[in-house]
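Visitor: Before we start, here is the structure in question, set down as structure tokens.
Readers should treat all values here as calculations from the given coordinates under stated rules, not as data from a laboratory. Every value quoted in this text rests on a predicted model; they were computed, and no experiment measured them. For neighbour counting, all protein chains shown are included, and Cβ atoms are generated from backbone atoms with ideal geometry for every residue, glycine included.
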Amino acid sequence: MAHKSDFVVVANRLPVDRIVGGDGQTSWRRSPGGLVTAVEPLMRQREGNGAWVGWAGDASDGVDEPIAPFDNDGLTLYPVPLAAQEIEEYYEGFSNTSLWPLYHDAIVPAEYHRAWWNAYVAVNQRFADAAASVAAEGAFVWVHDYQLQLVPAMLRQKRPDLRIGFFLHIPFPPTELFGQLPWRRQILEGLLGADLVGFQTPGGAANFLRLTRDRLGLKPSGAAVQVDGRTVRARSYPISIDVSSFVELASMPEVQERARQIRHDLGDPRTVLLGIDRLDYTKGIGIRLEALEELLDEDRIDASDTVMIQVATPSRERVEQYRVLRENVERTVGRINGSYGAVGNPAVNYIHRSMPRDEIVALYLAADIMVVTPFRDGMNLVAKEYIACRLDGTGSLILSEFAGAARELKNAYLVNPYDIEGVKEVFLEAIEAPRAEQRRRMRSLQRQVTKHDVAHWAQTFVDDITRIRRENREGSR
Ligand code: ADP
Ligand code: F6P
């Protein structure tokens with residue numbers, strides 16, 4: 001085993017996924033999702049011995065044959081093995097069929113099964129054990145997201161010397177919804193093992209603190225609650241992106257040329273609308289397609305000059321609700337193209353695969369309007385990436401009120417995705433907006449994103465936890 005680390009990230013996934021090709025060769029590819037986009041650059045830029053504990057994204061033959069720790073671009077990665085049944089019960093089951101829908105307003109009904117919970121407990125314990133064996137004396141261990149909510153308490157039990165932080169990347173639900181969870185008490189106790197519990201929005205932190213009172217009989221006061229003689233704090237830390245790396249890519253002549261090529265291939269339309277999301281039912285992909293379709297049906301836009309690109313990254317493909325979603329989205333795309341596409345010029349250009357970062361940035365540069373319409377989203381980094389890439393100050397962002405990002409990005413065209421007439425009106429408003437109006441909005445959005453980038457997010461969290469830990473130590477003397 002490699003040396004111990006003084007800064008350890010613990011997340012369900014490693015920043016890279018293991019891909020085993022048909023020829024049996026192993027390669028590694030950047031993992032999907034906003035967590036990795038945000039946290040990976042921080043860890044790679046760190047001087048010194050950073051470590052990342054996580055799953056390699058594939059089913060191992062059994063938990064007895066782990067992949068050995070390895071160095072990857074200056075970061076030590078510690079793979080945590082998951083057996084096929086654990087992937088079903090812990091990852092697809094409890095994490096993504098119980099917690100994910102429950103924490104996203106129960107957009108689809110959450111299901112609860114005791115076997116899934118038991119697997120969640122066992123896998124959380126494995127992650128906690130791995131983190132405990134990797135962390136140096138007094139290290140900072142930063143546990144991430146809903147898949148690992150029991151890890152803070154499990155880790156504290158083994159290693160009380162550690163500074164333990166937890167950050168939830170997705171929304172934390174209203175107390176009434178959280179109350180559905182048969183294991184609500186255990187989840188709250190798990191999170192309270194941290195010194196600092198971070199949320200995307202103040203509402204999430206407030207819900208959590210209220211639950212510690214209602215469900216555990218504790219006495220939260222302000223942003224803090226006392227547990228076993230320790231102070232645990234809960235606060236919001238809106239996550240962001242590594243702005244400079246997106247600016248760098250957007251400045252590259254070859255990426256700009258690729259953007260021009262994309263527009264040319266689309267037939268140089270007047271307006272290019274763009275959606276980029278994991279293919280997830282929280283993201284509101286269907287509603288934006290239906291809004292587009294109705295505007296075409298009503299002759300309020302014309303497919304010869306308004307074209308949409310929808311990138312729908314494959315996600316959680318064995319979970320039933322995701323299969324149903326894929327069928328629905330693809331049926332709608334087919335219907336729109338059947339009615340309005342021309343040979344070589346579909347009205348909706350649909351891409352269902354992962355792509356390199358520079359191609360994503362070229363799409364941001366090619367798009368006049370970015371469409372982000374989730375029914376609920378912890379933050380939504382795609383919205384921030386689009387803003388960071390619009391170096392010439394043009395472009396418009398349509399953004400759901402139900403994305404965490406809407407709290408900061410007030411100069412976006414805000415929409416209620418449950419109101420299709422409202423979505424249609426905002427589409428038209430953004431399409432018709434004069435250049436000066438676009439630039440005014442974009443300038444303000446860029447100021448916000450540039451000032452609050454991911455380094456600022458991490459620094460605030462680390463400073464806060466260092467202070468809390470000091471106060472706790474002084475208090476216990
Ligand atoms: P979530 O974490 O729910 O997936 P976010 O919008 O916060 O949503 O983050 C998604 C991240 O994944 C962004 O950094 C985005 O650029 C990236 N991404 C989305 N689709 C793709 C794709 N097809 N290929 C590569 N990266 C993608
Ligand atoms: O926060 C959203 C999130 O669940 C992250 O935990 C994860 O990195 C991302 O979405 C992708 O999801 P998955 O790991 O299930 O593919």
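Visitor: About the Cα centre, and with charges only on the beta carbon of Lys, Arg (+1) and Asp, Glu (-1), how big is the dipole of the chain? Nearest 20 debye, please.
Guide: Here the size comes out at about 1820 debye.
Visitor: Would you work out if region 243-451 is rounded, prolate or oblate? Take a ≥ b ≥ c from the square roots of the eigenvalues of the alpha-carbon gyration tensor; rounded if a/c is under 1.5, else prolate when a/b is larger than b/c, oblate otherwise.
Guide: Rounded, since a/c falls under 1.5.
Visitor: Only four residue types carry charge here, +1 at the Cβ of Lys and Arg and -1 at the Cβ of Asp and Glu. Report the dipole size of region 115-170 about the Cα centre in Debye, rounded to the nearest 20. Spell out each step's value before the answer.
Guide: Details: 5 positive and 4 negative charges, 16 e Å.
Roughly 80 debye, rounded to the nearest 20.
Visitor: Same structure, new question: Name the residue farthest towards the positive end of the dipole of the chain from the options Pro160, Ala206, Ser396, assuming +1 on Cβ of Lys and Arg, -1 on Cβ of Asp and Glu, about the Cα centre.
Guide: Projecting each Cα onto the dipole axis, the largest value belongs to Pro160.
Visitor: Amide H to amide H under 5 Å from Gly50: which residues, 5+ apart in sequence or cross-chain, H placed 1.01 Å off N in plane?
Guide: Thr76
Visitor: Take every DSSP beta bridge with both residues inside region 243-451 and express the antiparallel ones as a percent of the total, to the nearest 5.
Guide: Once the DSSP bridges in region 243-451 are tallied, antiparallel ones form about 5 percent.
Visitor: Please state the shape class of region 129-247: rounded when a/c is under 1.5, otherwise prolate if a/b exceeds b/c and oblate if not, all from the C-alpha gyration tensor.
Guide: In terms of gyration-tensor shape, oblate.
Visitor: Counting Lys +1, Arg +1, Asp -1, Glu -1, what net charge surrounds Arg44 among other residues with beta carbon under 12 Å of its beta carbon?
Guide: With Lys, Arg at +1 and Asp, Glu at -1, the neighbours total -3.
Visitor: Which of Ile285, Ile301, Ile87 comes first, and how do the rest follow, when ranked by fewest Cβ neighbours within 10 Å?
Guide: By the 10 Å Cβ count, ascending, the order reads Ile87, Ile301, Ile285.
Visitor: Hey, if you put +1 on the Cβ of every Lys and Arg and -1 on every Asp and Glu Cβ in the chain, which of Val227, Thr306, Leu196 ends up farthest toward the positive end of that dipole?
Guide: The residue sitting most towards the positive pole is Val227.
Visitor: Grab the DSSP H runs of the chain that are 4 residues or longer, score each as -39,500 (n - 2.57), total them, divide by all residues and round the 222 nm result to the nearest 500 deg cm²/dmol. All intermediate terms of the calculation are to be shown ahead of the outcome.
Guide: Details: 16 runs with 200 residues, N = 477.
Value at 222 nm, helices only, nearest 500: -13000 deg cm²/dmol.
Visitor: Report, by chain and number, residues whose modeled amide H sits under 5 Å from the one on Val227, excluding near sequence neighbours (fewer than 5 apart, same chain).
Guide: Amide H neighbours of Val227: Val232.
Visitor: Sort His104, His169, His456, His3 by Cβ crowding within 10 Å, fewest neighbours at the top.
Guide: His3, His456, His169, His104
Visitor: A follow-up question, please. Would you work out if region 376-477 is rounded, prolate or oblate? Take a ≥ b ≥ c from the square roots of the eigenvalues of the alpha-carbon gyration tensor; rounded if a/c is under 1.5, else prolate when a/b is larger than b/c, oblate otherwise.
Guide: Prolate, because a/c is 1.5 or more and a/b exceeds b/c.
Visitor: Continuing with this model, one more query. Note down the Stokes-Einstein diffusion coefficient of region 202-259 in µm²/s, whole number, using a Kirkwood radius over alpha carbon pairs, 10 °C, and 1.306 mPa s.
Guide: After rounding, the answer is 109 µm²/s.
Visitor: Additional query: What's the extension gain from Arg300 to Asp23 if we count 0.36 nm per residue and subtract their Cα-Cα distance?
Guide: Values: separation 277, 0.36 × 277 = 99.72 nm, distance 5.16 nm.
Working it through step by step, the gained length comes to 94.6 nm.
Visitor: Through the Karplus equation 6.51 cos²θ - 1.76 cosθ + 1.60, θ set to phi - 60°, convert the phi angles of region 193-208 into ³J(HN,Hα) values in whole Hz; use x for Gly and Pro.
Guide: Whole-Hz 3J(HN,Hα) from phi for region 193-208: x, 7, 7, 9, 10, x, 10, 6, 9, x, x, x, 5, 5, 4, 5.
Visitor: Could you point to the residue in Met252, Ala68, His452 farthest towards the positive end of the chain's charge dipole, with +1 and -1 charges on the Cβ of Lys/Arg and Asp/Glu respectively?
Guide: Ranked along the dipole, the leading option is His452.
Visitor: Among Asp6, Asp299, which comes first, then next, by fewest other beta-carbon atoms within 10 Å?
Guide: Asp299, Asp6
Visitor: Using only the alpha-carbon atoms of the chain as identical scatterers, what base-10 log of I(q)/I(0) does the Debye formula give at q = 0.06, 0.09, 0.12 Å⁻¹?
Guide: -0.27, -0.62, -1.09
Visitor: To the nearest 20 Debye, how big is the dipole of region 243-451 about its Cα centre, given +1 on the beta carbon of each Lys and Arg and -1 on that of each Asp and Glu?
Guide: 820
Visitor: Tabulate in residue order the Karplus-calculated ³J(HN,Hα) for region 288-301, using 6.51 cos²θ - 1.76 cosθ + 1.60 with θ = phi - 60°, rounded to whole Hz; enter x for Gly and Pro.
Guide: Each residue's phi maps through the Karplus curve to give 6, 5, 5, 4, 4, 4, 5, 5, 5, 4, 8, 6, 8, 9 Hz.
Visitor: Ok, one more. When DSSP assigns beta bridges and you keep just the ones with both residues in the chain, what percent turn out antiparallel, to the nearest 5?
Guide: Here the share of antiparallel DSSP bridges comes out near 20 percent.
Visitor: Pull out the extension gain between Arg473 and Val247, defined as 0.36 nm times the separation in residues minus the alpha carbon to alpha carbon distance; nm, one decimal.
Guide: Working: separation 226, 0.36 × 226 = 81.36 nm, distance 4.19 nm.
The span from Arg473 to Val247 would gain 77.2 nm if fully extended.
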